[in-house]
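These notes are about the structure you will find just below.
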Amino acid sequence: MGYDYSENLLVQESAGNLLREELGWDVQFAFEAEKLGKDGSFGRESYKEILLTRYFEEAIRKFNPWIQDAQIVQARDALEQRLSTSSLLQINEEKYFLLRDGIPVTIKNQMDRQK
């Protein structure tokens, strides 16, 4: 009798099922099946693109209905920007805090001055 104790079964699939069933998330496993390109699986051109921009604008507008196009670009740039001297752990931690605490963007007041 064989047992499948792979990481996929024990971690990824279990976590995916939990996110799908408990939180109603749309979970996709595309490790060896992702198609790259604008019309590909997630709309990214290469594996170096971490932020799924196809979904980013819709999500940011959902949580911030007041946001303007220029502010979306600022937020996206903040998430995509990284120092080459930072470790992956440092980069992930920085991006986590931006997502958790908010990404500062420039707003214009009624007199068209930046804040």
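The values are calculated or read from the model by the stated rules, or taken from the named source; none is laboratory data. The structure presented is a predicted model; accordingly, all values stated were derived computationally and were not measured. Cβ: placed from backbone, ideal geometry, glycine included. Neighbour counts: every protein chain shown.
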(message) Looking at the stretch 87-106, I want the residues that are closer than 25 Å to D69 by Cβ and have a partner that is outside any helix (DSSP H, G or I) with Cβ atoms under 6 Å, at least 6 apart or on another chain. Which pairs are those?
(response) T106/Q114
(message) Of everything in the stretch 80-103, what is surrounded by fewer than 12 Cβ atoms within 10 Å (Cβ to Cβ) and over 17 Å from the mean Cα position of the chain (by Cα)? Give them in sequence order.
(response) L83, S84, T85, S87
(message) Just checking, does the stretch 59-79 include any residue being of a type outside the set (A, V, I, L, M, F, W, C), surrounded by 13 or more Cβ atoms within 10 Å (Cβ to Cβ), at pLDDT below 90 and in the same structural domain as T106 (by TED's automatic domain parsing)?
(response) no
(message) Of the residues K95, K108, only one is closer than 30 Å to V11 by Cα and outside the structural domain of G16 (by TED's automatic domain parsing); which?
(response) K95
(message) Can you list residue pairs whose Cβ atoms sit under 8 Å apart, with the first residue in the stretch 55-69 being under 17 Å from F42 (Cα atoms) and the second being among the charged types (D, E, K, R) and part of a helix (DSSP H, G or I)? Count only pairs 6 or more apart in sequence or on different chains.
(response) F56/R76
(message) Against the definition (in a loop (DSSP other than H, G, I, E, B), modelled with pLDDT of 90 or more and in contact with a helix residue (DSSP H, G or I) (Cβ under 9 Å, 6 or more places away or on another chain)), how does W25 come out, yes or no?
(response) yes
(message) Just to be sure before I move on: is I50 in the same structural domain as P104 (by TED's automatic domain parsing), under 18 Å from L98 (Cβ atoms) and surrounded by 14 or more Cβ atoms within 10 Å (Cβ to Cβ) in the structure I sent?
(response) no
(request) Consider A70 carefully, then state whether it is among the small types (G, A, S) and within 12 Å of the chain's Cα centre (by Cα). (result) no
(message) Cβ contacts < 9 Å: first residue more than 17 Å from Y55 (Cα to Cα), restricted to the stretch 11-34; second residue of a type in the set (A, V, I, L, M), any location; separation 6+ or different chain. Result?
(response) A15/V27; G16/V27; N17/V27; L19/V27; R20/V27
